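Visitor: For reference, the structure I am asking about is given below.
The values are calculated or read from the model by the stated rules, or taken from the named source; none is laboratory data. Remember, predicted model here, so these are calculated numbers, not experimental data. Glycine also receives a Cβ, built like all others from the backbone with ideal geometry; neighbour counts cover every protein chain displayed. Please note that ligands, DNA and RNA were not included when accessible areas were found on the heavy atoms of the full protein model with its side chains. Shrake-Rupley method; radii C 1.70, N 1.55, O 1.52, S 1.80 Å.
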Amino acid sequence: MDRITEQILKQIDNGNGFSQEGAFNLRHNGVALCHGDSEHIKIRKKEDKPGIDVYIDAETKGEQVHIPVVVDASGMTDIVYNDFYIADGADVTIVAGCGIHNSGCNESRHDGIHSFHVGKGANVRYEEKHYGEGEGTGAKVLNPVTKIYMEEDSVFTLDTAQIKGVDSTLRETDVHLGAGAKLYVLEKLMTHDQQTAESNMEVDLDGEGSSAQIISRSVAKGTSKQIFHPKAVGNAKCHAHVQCDSIIMDHAEVSSIPEINARHLDAAIIHEAAIGRINDEQLIKLRTLGMTEEEAEGVIIENFLN
């Protein structure tokens, strides 16, 4: 791997870089650069379209599978379809993410369409980081689509973050929960300059006793624009809590458009949204400790997002 690829992987793959151990698949400029299987996790290339099928068997306990994507060719559009089949009772962490390095004047884009088929009683943690860099004028665009189908008593944790440098993103997330299934979502997003970000999420609680906790935290700087549209639909006795918190700075714009829909007498759904600026008292307190205003803002933002 060249220096640029290694640098991007350090940003998007657990902060520790990419290691060719266990189950893994590294996609680089639309091509699977390398991949490996473990005893319980098998990765197979799709025959009909770009992407992979990942099979995680019932004996998988505490394993990880890494599937990062790197795009460093200016003007490239990379579309990939990845399907994950998680057997009943499996316990696995899936580490994904995409980084774009664009040194040219043409748009570079990655659209990752990921579908998760989660078996009964399975426990899945999905970590996804998006990152952009490069001295070129070409846009860095990431449009992820995430579809999650949860069978009864399964647990799915979605931890997704847009670190920085992404000029435009359109996120589409669709989740269906069976009886007793539990969904946990933490979405973190930062935009600056003239960047735009839109996140649409629909969570259908179809099974009795299902629950969802969705937390979205974002920071908007410069003249960037963000739109959040979370939708929770209760089709059975269930519980859902949706919380969207944003810090707005400079001349940015943030819109939160909540939608909650109870289609059952015992569906309990709560939504909270807050948008505000950094508190002046917080800045003053940190500046008395010797920090500059910029350093103080950085500390506040980091703690807010984490």
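Visitor: Using the structure shown, decide if Val70 is among the β-branched types (Val, Ile, Thr), open to solvent by less than 60 Å² (accessible area, probe 1.4 Å), touching a Ser or Thr at 6+ places or on another chain (Cβ under 7 Å) and within 26 Å of Ser154 (Cα to Cα).
Guide: So Val70 does not fit the description; no.
Visitor: Within segment 1-32, can you find the residues that are in contact with a Lys or Arg (Cβ under 7 Å, 6 or more places away or on another chain) and free of Cβ contacts under 8 Å to residues at least 40 places away in the same chain?
Guide: Gly17, Ala32
Visitor: Between a first residue in segment 192-212 that is touching a residue at least 12 places away in the same chain (Cβ under 8 Å) and a second residue that is among the hydroxyl-bearing types (Ser, Thr, Tyr), which pairs have beta carbons less than 6 Å apart while being 6 or more apart in sequence or on different chains?
Guide: Filtered contacts from segment 192-212: His192/Ser224; Gln194/Thr223; Gln195/Ser224; Thr196/Ser168; Ala197/Thr169; Ala197/Thr191; Met201/Thr173.
Visitor: Within segment 1-57, which strands (runs of 3 or more DSSP E) (wholly inside it) include 1 or more residues that are over 17 Å from Ile86 (Cβ atoms), basic (Lys, Arg) and open to solvent by 20 Å² or more (accessible area, probe 1.4 Å)?
Guide: 23-28, 41-45
Visitor: State all residues of segment 259-297 that are under 18 Å from Asn235 (Cβ atoms), buried (at least 16 other Cβ atoms within 10 Å of the Cβ) and not β-branched (Val, Ile, Thr); if no residue qualifies, say none.
Guide: Answer for segment 259-297, where residues must be under 18 Å from Asn235 (Cβ atoms), buried (at least 16 other Cβ atoms within 10 Å of the Cβ) and not β-branched (Val, Ile, Thr): Ala262, Ala267, His271.
Visitor: Filter segment 97-112 for residues that are in contact (Cβ under 8 Å) with a residue 60 or more places away in the chain and either surrounded by fewer than 23 Cβ atoms within 10 Å (Cβ to Cβ) or not β-branched (Val, Ile, Thr) (or both) and give the result.
Guide: Gly97, Cys98, Gly99, His101
Visitor: For segment 187-211, which residues satisfy the criterion of being open to solvent by less than 50 Å² (accessible area, probe 1.4 Å) and of a type in the set (D, E, K, R)?
Guide: Glu187, Lys188, Asp204
Visitor: OK, next. Only residues that are at pLDDT 95 or above, open to solvent by less than 40 Å² (accessible area, probe 1.4 Å), assigned to a loop (DSSP other than H, G, I, E, B) and not aliphatic (A, V, I, L, M): list them for segment 142-186, please.
Guide: Asn143, Pro144, Ser154, Gly178, Gly180
Visitor: Looking at (1) of a type outside the set (Ser, Thr, Tyr); (2) closer than 16 Å to Tyr85 by Cα; (3) free of Cβ contacts under 8 Å to residues at least 60 places away in the same chain, find the lone condition where Val145 falls short.
Guide: Looking at each condition in turn, Val145 falls short on (2).
Visitor: Also, quick follow-up: Any residue in segment 240-254 that's acidic (Asp, Glu): show its pairings with residues that are open to solvent by less than 20 Å² (accessible area, probe 1.4 Å) and assigned to a strand (DSSP E or B) at Cβ separation under 8 Å, as long as the two are six or more apart or on different chains.
Guide: Sorted first by the residue in segment 240-254, then by its partner, the pairs are Asp245/Ser216; Asp245/Ser218; Glu253/Ala220; Glu253/Gln226.
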